[in-house]
Amino acid sequence: MSAQKDTDGRDRILRAAARLIAESGGEPVSTRAVCAAAGVGAPTLYHHFGDKQGLLDAVAAHGLEEYLASKRAQPATGDPVDDLRHGWDLHVEFGMSHPAVYALIYGSPRTPPAADEAYAILLGLVGAVARAGRLRVPVETAARMIQSAGIGVVLFLVANGDDGGDLSARTREAVLAAVTVPDGSGSAPAPRDTRAASAVALRAALATDPPPGLTPAETTLLTEWLDRLTD
């Protein structure tokens, strides 16, 4: 079998699986149905994907690529909190536009490898908020709060119908209010919020560019002290 023919066979199986999953309405899709739709035998499917889970992971990765491309290309607005807003909206838009693929990625306890880059991009956006002194909780905590709330909103809207964005926008703003502090252009944040945001900013800077004069033990001690300030 030539390399081109091998690639064509894999792409045909992938497209057939993606189409059947999109049309299934959430019902399981069998490998037999995928093979029939792609015009291949089961050994060919297993040759390319190993097993059914490997096929589902490949479908998730293929569907997620368009979303990741939009995330990678997302221009900075100059306000890291607004960048988080835009990232949230892109996430919700992707889930509503590709509900079957979204369910493959986020609708079960097992998160496929394709989701790792999406989470890494979110961590980068949250890290920028921290370095700007606008994050009131640790980066990882904020990222998990944002991710879990976003996933919950999308899965709810997919199951119950789009509400025109009102639920998404309200949830987005509630989560951002819980993890960020004002930028200083309006009312001043509470002293504790300012202290926590400063600690988070220093913690983020320490993680990305640790001072060369600190020993590993000193770095660990400083990190633990900064973490306590955010409790």
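Quick notes on this structure:
- Against the rule of thumb 2.2 N^0.38 Å, how large the Cα Rg of the stretch 98-139 comes out: 1.49
- Virtual spin-label span in nm between THR77 and LEU155, 7 Å along Cα→Cβ: 2.7 nm
- Under 5 Å, built H, 5+ apart or other chain: amide partners of THR180: ARG136
- Spread of Cα-to-Cα distances over 5 Å intervals beginning at zero, given as percent, for the stretch 50-99: 4, 19, 23, 19, 14, 10, 6, 3, 2, 0
- Potential lengthening of the chain between ALA169 and ALA120 amounts to 15.4 nm, from the contour at 0.36 nm per residue minus the alpha-carbon distance.
- Sequentially through the stretch 80-91, phi angles give Karplus couplings (6.51, -1.76, 1.60; θ = phi - 60°) of x, 6, 5, 4, 5, 4, 5, x, 4, 4, 5, 4 Hz, Gly and Pro residues having no value and appearing as x.
- Legend: calculated FRET efficiency, LYS52 to ASP162, from the Cβ-Cβ distance at R0 = 22 Å, rounded to 0.05, equals 0.10.
- At an R0 of 41 angstrom, the distance between the Cβ atoms of LEU68 and ALA36 translates into a FRET efficiency of 0.85.
- Probe 1.4 Å, all protein chains present, accessible-area order of LEU45, LEU20, largest first: LEU20, LEU45
- Where the Cα pairs of the stretch 1-77 fall when distances are cut into 5 Å bins, in %: 3, 15, 24, 22, 14, 9, 6, 4, 2, 1, 0
- When the residues TYR119, TYR102 are ordered by accessible surface, computed with a 1.4 Å probe over the protein chains alone, the sequence from largest down reads TYR119, TYR102.
The values are calculated or read from the model by the stated rules, or taken from the named source; none is laboratory data. This one's a predicted model, so the numbers in the text were calculated from it and none came from an experiment. Reconstructed Cβ throughout: ideal geometry from the backbone, glycine too, with neighbour counts over all protein chains shown. Only protein heavy atoms, including side chains, enter the accessible area calculation; ligands, DNA and RNA are left aside. Shrake-Rupley method; radii C 1.70, N 1.55, O 1.52, S 1.80 Å.
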